[in-house]
Every structure is written in C-alpha cells, then in structure tokens.
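To start, the structure under review is shown below, and the notes come after it.
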C-alpha cells in the first residue's frame, strides 16, 4: 500500500513538471514569434526611412539639375 501511494505521488509530481515544461515551451515559442514579428516591423520602418532619404536626395539632385539647365 505504501509503495502504491509513493508511486502515485511520483506520478503527480512528474505530471506537474511535464505541464510546467509544456507551458514554458509554449511561452518560449510565443516569444520567438513576437521577436520575429517586431524585428520585421522594425526592419520595414528602417527601410521606409532609407527609401524616403534616397527619394529626397534624388529629388534634390533633379531640382539642381533642372535649375542648372535653365540657367545655361
């Protein structure tokens, strides 16, 4: 009888540890997905800023070229 009770206690402890491990794995997986998502968002914002700067530079060069062509 004592060994049966001990076995049940061990099973309960093992079950609790397995549930905790599963919950932690799920949390880790969710965190990794969030990292990917926000990294992608940050990269898109960075790229949009770079594209905007390039457009402004090209626009400035075109304006200078137009003003130089008009003064000749």
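Here, each number is a calculation from the coordinates, and none is a lab measurement. Keep in mind the model is a prediction, meaning the values are calculated, not measured.
Structure notes:
- Answer label for mean projected area of the Cα convex hull in nm² (calculated), chosen among (1) 4.5; (2) 4.8; (3) 5.3: (1)
- Stretchable slack from residue 66 to residue 40, in nm (0.36 nm times residue separation minus alpha-carbon distance): 5.5 nm
- Anisotropy class of the stretch 1-42 from Cα gyration tensor, a/c 1.5 cut: prolate
- Added length on full extension, which subtracts the Cα-Cα distance from 0.36 nm per residue, residue 9 to residue 22: 2.7 nm
- Cα-based helix-to-principal-axis angle, 2-71 vs the chain, degrees rounded to 10: 0
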